[in-house]
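The values are calculated or read from the model by the stated rules, or taken from the named source; none is laboratory data. From a predicted model like this one, the values you see are computed outputs, not experimental measurements. Quick reminder, even Gly has a Cβ in these numbers, built from the backbone with ideal geometry, and neighbours come from all protein chains shown.
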Amino acid sequence: MECCCSSDKTGVDLSLLEPCLEKYVDAEGNLISILQKAQEIYGFLPPDVLAFISERTGIKPARIIGVVTFYTQFRTKPVGKNLILICQGTACHVNNSSDIEDAIRTHLKVDEGEITPDGLFTYSNVACLGCCSLAPAIMIGEKTYGKLTRESVVEVLVELAAAEEEVGA
């Protein structure tokens, strides 16, 4: 297979994806399930994983890249241990989600998509989290935080960092 997605090998263990591929390889319409499992395993979708999925499923690389870039749930770059999703939907926007993003950027000292030096955080803006009554809101992992202020979002980040420190100690 010759494409731009197969040139930069990241050295990931592709065998970890085999059980998923065995389950779905012959079933039509399971590309999203395969990609979700791959991202769960590797934390993101590196080029060699996408090339491997293409080789094993027979799905053209362009179609796979199209799906990966269409759906915001998929990532092609690594992220920190805690991925912060900042809602930028209408309700959050009118309730100053830009202030929340600025507080996160300032506190973490990274821009959107970057990983903090300690590897703990990455933040990303999303179109909507579907929790308009909590505006402005963020989601970290499975937990949603709402009715945020600049101060309260920093408190959340400090608490998460402290909890990670305790686990690591």
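Looking across region 1-58 at every residue that is in a loop (DSSP other than H, G, I, E, B) and in contact with a Ser or Thr (Cβ under 7 Å, 6 or more places away or on another chain), the one that is modelled with the lowest pLDDT is identified as Met1. If you check Val94, Val154, Val158 for being at pLDDT 95 or above, over 19 Å from the mean Cα position of the chain (by Cα) and crowded, with 17+ Cβ neighbours inside 10 Å, only one passes: Val154.
Conditions (1) hydrophobic (A, V, I, L, M, F, W, C); (2) in contact with a Gly (Cβ under 7 Å, 6 or more places away or on another chain); (3) not assigned by TED's automatic domain parsing to the domain that holds Ile53, marked per residue:
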{"position": "Leu108", "(1), (2), (3)": "yes, no, yes"}
{"position": "Gly113", "(1), (2), (3)": "no, no, yes"}
{"position": "Pro117", "(1), (2), (3)": "no, no, yes"}
{"position": "Thr122", "(1), (2), (3)": "no, yes, yes"}
{"position": "Ile138", "(1), (2), (3)": "yes, no, yes"}
{"position": "Val154", "(1), (2), (3)": "yes, no, yes"}
{"position": "Leu160", "(1), (2), (3)": "yes, no, yes"}
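Contact map, region 73-99: residues that are at positive phi paired with residues that are part of a loop (DSSP other than H, G, I, E, B), Cβ distance under 7 Å, separation 6+ or inter-chain. Pairs shown: Asn96/Pro136. Among the criteria (1) surrounded by fewer than 19 Cβ atoms within 10 Å (Cβ to Cβ); (2) not assigned by TED's automatic domain parsing to the domain that holds Arg150, the one Leu17 does not fulfil is (1).
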